[in-house]
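Remarks on the structure that follows.
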Amino acid sequence: MTTPLPSSPPPSSVLDLAPVLPVVVVEDVADAVPLARALVAGGLPAIEVTLRTPAALGAIRAIADGVPGAVVGAGTVISPANIADSLAAGARFLVSPGWTDGLLEAMKASGVPFLPGVSTTSEVVALLERGVHEMKFFPAEAAGGTAYLKSLAGPLPQARFCPTGGVGLGNAAAYLALKNVACVGGSWIVPGDAVEARDWGRVEALAREAAALR
């Protein structure tokens, strides 16, 4: 099992590492380290590698082993098996698109920070009842966007969110202006054509632009 490097302790909260959490889909493990280095150089140390491809766990392992400045996590976590595999690869936080009691208990038992996904007020209240205050709001734009999150801040000020889904450079600042939004998640920092061309300079420039949003 890969363990975090001594110089880089586990984060207490993923939400406070940077204003933008890159959501990364890795098709080739060979791209993982240069991609992560570009994001870190641009000021985005937290990197969510989604478990959508066969290369995902290898990418997490490569980043955990080869990029000391990165805080790599696993996204699209939907089962306890996903959690076990991600931790074994070196993931230091977990992100899910939604949650069940079983998945939540497994995330709590993981020992690393996690962001369970919510899209309704009832889900937020249920998580608060279970002692969870940091959440992913997904799919952000489809679920009501900034207007919905703003309406939650009054009755549920103790909840903090990372909106993801339909968030890009054009609307990220509007989300970040909300008092209950700590960061946003998005993939616009790692466009597919840039990754395919291995244009890491472009990725770094996009990361730098995103890091300056707050």
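The values are calculated or read from the model by the stated rules, or taken from the named source; none is laboratory data. Predicted, not measured: the structure shown is a model, and the values here were computed from it. Note that each Cβ is placed from the backbone with ideal geometry, even for glycine, and that neighbours are counted across all protein chains shown.
Scanning segment 1-47 for residues that are more than 17 Å from the chain's Cα centre (by Cα), farther than 30 Å from Ala177 by Cα, modelled with pLDDT of 95 or more and small (Gly, Ala, Ser) yields one hit, Ala30. Every test in (1) in contact with a His (Cβ under 9 Å, 6 or more places away or on another chain); (2) on the phi > 0 side of the Ramachandran plot is passed by Gly131 save one, and that test is (1).
Residue-wise test of (1) under 21 Å from Gly145 (Cα atoms); (2) among the aliphatic types (A, V, I, L, M).
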position: Arg61; (1), (2): no, no
position: Pro68; (1), (2): no, no
position: Asp85; (1), (2): no, no
position: Gly90; (1), (2): no, no
position: Ser96; (1), (2): yes, no
position: Gly111; (1), (2): no, no
position: Ser119; (1), (2): yes, no
position: Val124; (1), (2): yes, yes
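For Phe138, the requirement of being in contact with a strand residue (DSSP E or B) (Cβ under 7 Å, 6 or more places away or on another chain), farther than 16 Å from Leu178 by Cβ and either at pLDDT 95 or above or not charged (D, E, K, R) (or both) is not met.
Before we move on, is Tyr148 in contact with a helix residue (DSSP H, G or I) (Cβ under 8 Å, 6 or more places away or on another chain) and more than 30 Å from Ala88 (Cβ to Cβ)? Considered against the rule, which asks whether it is in contact with a helix residue (DSSP H, G or I) (Cβ under 8 Å, 6 or more places away or on another chain) and more than 30 Å from Ala88 (Cβ to Cβ), Tyr148 comes out as no. Elements of the type strands (runs of 3 or more DSSP E) sitting completely within segment 1-109 and holding at least 2 residues that are within 30 Å of Ala174 (Cα to Cα), hydrophobic (A, V, I, L, M, F, W, C) and in contact with an Asp or Glu (Cβ under 7 Å, 6 or more places away or on another chain): these cover 20-24. Is it the case that segment 134-148 has a residue that's surrounded by 17 or more Cβ atoms within 10 Å (Cβ to Cβ), touching a residue at least 40 places away in the same chain (Cβ under 8 Å) and among the polar types (S, T, N, Q)? Within segment 134-148, none of the residues are surrounded by 17 or more Cβ atoms within 10 Å (Cβ to Cβ), touching a residue at least 40 places away in the same chain (Cβ under 8 Å) and among the polar types (S, T, N, Q).
If you go through segment 156-173 and keep only what is surrounded by fewer than 16 Cβ atoms within 10 Å (Cβ to Cβ) and not in a loop (DSSP other than H, G, I, E, B), you end up with Leu169, Gly170, Ala173.
Okay, residues lined up against (1) closer than 19 Å to Pro163 by Cβ; (2) buried (at least 22 other Cβ atoms within 10 Å of the Cβ); (3) in contact with a strand residue (DSSP E or B) (Cβ under 6 Å, 6 or more places away or on another chain):
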| position | (1), (2), (3) |
| --- | --- |
| Asp16 | yes, no, no |
| Gly69 | no, no, no |
| Arg92 | no, yes, yes |
| Gly98 | yes, no, yes |
